[in-house]
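Student: Can you keep this structure in mind? I'll have questions shortly.
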Amino acid sequence: MKTILIIGKSDLAKAIENKHARIPSPSHECATVGRPEYDFSKQEHCDRVLNDFPSPSVAINTLGTLTDNYWDSFVSNYVAPAYLTLKYYEQMSEGHIINISSASAWWPSYPGMHHSRFCYSVSKYTLSEFGKHFNRVTIDNDKNVTVTTIEPGAFKSKMSKQTGFDIGRVVDAIDIVMKTKSQHFSLIKE
Ligand SMILES: NC(=O)c1ccc[n+]([C@@H]2O[C@H](COP(=O)([O-])OP(=O)(O)OC[C@H]3O[C@@H](n4cnc5c(N)ncnc54)[C@H](OP(=O)(O)O)[C@@H]3O)[C@@H](O)[C@H]2O)c1
């Protein structure tokens with residue numbers, strides 16, 4: 001049984017679920033976890049999800065927040081995804097962990113930037129840098145677990161009113177990395 005665990009009840013999570021629910025298969029199931037049951041800014045809730053959903057075939061972290069609560073921004077955009085990645089990597093003997101970072105990681109600071117945007121971007125930058133560690137880890141050991149970072153440009157969602165590109169393209173990018181096991185995928189508007 002292939003199990004896909006989606007972390008964060010995001011609009012992106014809904015789009016992933018919609019696509020995968022259209023593939024009727026007794027051999028695969030998909031679960032999405034987030035608030036109110038799990039608040040990933042709390043370590044005990046991260047530990048609970050690791051216990052409740054152990055060793056999925058694929059874990060897709062879609063957590064993200066753009067907020068004036070700087071503490072929450074660093075914790076939810078970086079600390080929780082990094083912690084879950086490290087713990088799932090230890091747990092899993094094979095599979096795939098996918099972190100949704102952002103194209104804003106490419107340029108985390110610019111003149112006149114609001115602090116909430118800066119905290120979002122720098123936490124995504126850190127998440128992208130964190131992902132690079134696993135390129136080395138994959139070379140250094142035989143464990144068949146891939147860690148991928150995807151950096152999408154703007155798409156319309158609860159978080160972003162920008163039109164950008166269609167959310168379906170981010171779902172397609174996830175499907176591509178699942179097939180190819182590539183470790184880094186940046187997605188920008190044509
Ligand atoms: N939309 C864009 O333009 C864009 C561009 C690049 C990257 N991204 C990334 O794409 C991913 C999906 O975002 P989206 O655009 O689909 O926006 P979204 O619908 O706002 O999704 C973000 C989700 O993360 C959840 N979340 C944040 N902190 C959490 C916490 N501590 N515990 C539990 N859940 C938490 C939010 O839950 P609540 O609703 O309860 O707060 C929300 O469901 C995010 O990682 C985002 O940073 C988005």
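The values are calculated or read from the model by the stated rules, or taken from the named source; none is laboratory data. The structure presented is a predicted model; accordingly, all values stated were derived computationally and were not measured. So basically every Cβ, Gly included, is an ideal-geometry build from the backbone, and we count neighbours across all protein chains shown.
Student: Give me the pairs, please: first residue somewhere in segment 96-112 and away from the ligand (no atom under 11 Å from the Cβ), second residue anywhere and of a type in the set (K, R), beta-carbon distance under 8 Å, and either six or more positions apart or on two chains.
Tutor: Correct list of pairs: H96/K181; P108/K124.
Student: Quickly run through segment 20-59 and pick out the residues that are modelled with pLDDT under 95 and either within 14 Å of the ligand (Cβ to nearest atom) or in a loop (DSSP other than H, G, I, E, B) (or both).
Tutor: Scanning segment 20-59 gives R22, I23, P24, S25, P26, S27.
Student: Also: With (1) at pLDDT below 95; (2) touching a strand residue (DSSP E or B) at 6+ places or on another chain (Cβ under 7 Å); (3) farther than 22 Å from T65 by Cα as the list, and K143 as the residue in question, which single condition is left unmet?
Tutor: Only one criterion in (1) at pLDDT below 95; (2) touching a strand residue (DSSP E or B) at 6+ places or on another chain (Cβ under 7 Å); (3) farther than 22 Å from T65 by Cα is unmet by K143, namely (2).
Student: Inside segment 118-174, can you point out the residues that are away from the ligand (no atom under 12 Å from the Cβ) and of a type in the set (A, V, I, L, M)?
Tutor: Correct list: V122, V137, I139, V145, V147.
Student: Next up: State whether one or more residues within segment 108-118 are within 17 Å of the chain's Cα centre (by Cα), surrounded by fewer than 13 Cβ atoms within 10 Å (Cβ to Cβ) and farther than 19 Å from L84 by Cβ. Talk me through it step by step, then tell me what you get.
Tutor: Let us first name the residues in segment 108-118 that are within 17 Å of the chain's Cα centre (by Cα), namely none.
No, segment 108-118 contains no residue that is within 17 Å of the chain's Cα centre (by Cα), surrounded by fewer than 13 Cβ atoms within 10 Å (Cβ to Cβ) and farther than 19 Å from L84 by Cβ.
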